[in-house]
Each structure stands twice: as C-alpha cells, then as structure tokens.
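Only one structure is covered here, and it is reproduced in the block below.
Just so you know, all these numbers are worked out from the coordinates, no wet-lab data involved. Predicted model only: the values in this text are computed from it and were never measured. Backbone-built Cβ (ideal geometry, glycine too); neighbour counts: all protein chains shown.
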C-alpha cells in the first residue's frame, strides 16, 4: 500500500466516507451499490457496444446495430464498450464525481473499468483520457476522464498518457442533441498533443476512456485525431451509457 493510501485510510477512520450511490457510511462507492450495476443487455453490437436486444436496435439477427451497419456508425474506433447502464447508484456516483467535485469516487469507478477491461476486452498498450477543453477544465478544476484513466492504468500497469490528446476547440454540451448533431458538434474538436506522436503511438493498441458515452461520437472524434499516427487499434471504454441511445 502506498503512503498516500495509508494516509487516506487513517483519515477514513476519523472521518468515514459516505457512498455516492446510497449515502451509507464506510466507502465512497460501496460494494452493495456496485452489486447493483446493470450491464448493457447482450447481444451487443460488435463495434459500438449498443444492446441489440432493445427495440431501438431492431437488427437482432445482425452482429452490428443499424448505425454501424450503415453510414452513421463509428468511423475511427474499432470497438466501444461501457461497463454499465447509466442508471441507479452508478449514475449517482458519476454525478458526484463530475458535478459535486467528489474526486475520490474516481477510484472505485476506475477499478470497475480495469476489471471490465481485463475480463471483457483485449489487452491494450496505452490508456488515454478524453480531454476537456481548457476553459471547461478551469471551470471544473479537473477532468473526470483523467482521474478514471489514471486509476485504471495504474491498476493494470499500463502506460497512461494524459497529454496525448488536446481538445482544440470548445464544444456545446451533447445532452439533447441528435446523433447527427452530436457528430457535427465534436467533429475536429480534438488534436494529437505533445505525447501524441508516432514514436509513442504507432503500432500500439490504444484505449480511450471517458465517464459516459451515448452515441460514441465524442470518443470516436477523439480516436479520429489519433488515427493518422497508425495505431494497431483504437478502442473506447466508458463507465456508463444510456439504456437507449
């Protein structure tokens, strides 16, 4: 256990944390709430991870959803997955992290990402967070995707490159936009950063991490900025996604 972990454990004895999901004392996101996670219902679209069991994706006989089998699917990501549906305690936990500044919630959520990656996805060589625009990060004080990606990478012993991507222009909130509007909103919003070089990323299996994904347009736009560097693969992973997107 690292010194910082020991110090935090000591503080927890004096000031027990409360679960961001249910409010119970003892953990920032308790085991009971983690046990209530609901994964997207299988079968999943092999590319974007949407549930093919829902009425929103009627091609149940196919390995791809309607978007990915047509002209409106992912263009740069080779695979996108989410650990759970954006509902219940995990939704509350993400809200606490993102809007209430409870950064410690990123630890159990990052652990969830690491376990999912180990159990459900192929191995990766590099983990990169989806960046916020500098103005948004100054306003919030941190980037939740960075906290999640750093924790996930640390648990797995995988290199973490926080400066491989930059958000070169501010974008409107994606909430309430259609799929087409979301893609247009984030088109060309990202660029390779100082760690985003061919020497560091060519031939590598890259994993991009965000807290929530809906259509995958943000993660896909981020992947598009790295595609010219010739990585072996570009995958995306989020903690949650809506049940119907």
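Here is how the numbers come out for the structure above:
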quantity: Extended-chain gain in nm, criterion 0.36 nm per residue less alpha-carbon gap, residue 75 and residue 134; calculated: 18.7 nm
quantity: Equivalent-ellipsoid semi-axes of the chain, from the Cα gyration tensor, Å, largest first; calculated: 28, 22, 17
quantity: Unit Cα scatterers, Debye sum, the range 158-245: log10 I(q)/I(0) for q = 0.26 Å⁻¹; calculated: -1.38
quantity: Contour minus Cα-Cα distance for residue 184 and residue 197 (0.36 nm per residue); calculated: 2.1 nm
quantity: Virtual spin-label span in nm between residue 169 and residue 243, 7 Å along Cα→Cβ; calculated: 3.7
quantity: With Cα atoms, 0 to 90° folded angle of helix 144-156 axis to the chain main axis; calculated: 80
quantity: Calculated FRET value between residue 38 and residue 103, using beta carbons and R₀ = 25 Å, to 0.05; calculated: 0.50
quantity: Cβ crowding within 10 Å averaged over residues, with 22-33, 233-244 ranked highest first; calculated: 233-244, 22-33
quantity: Helix axis angle, 3-14 relative to the chain longest principal axis, alpha carbon, degrees; calculated: 60
quantity: Rg/Rg_ref, the range 45-168, where Rg_ref = 2.2 N^0.38 Å and atoms are Cα; calculated: 1.17
quantity: Relative intensity, log₁₀ I(q)/I(0), of the range 109-197 from a Debye sum that treats every alpha carbon as a point, q = 0.13, 0.22 Å⁻¹; calculated: -0.51, -1.12
quantity: Mean separation of Cα contacts under 8 Å, 6 or more apart, over the residue count of the chain: relative contact order %; calculated: 21
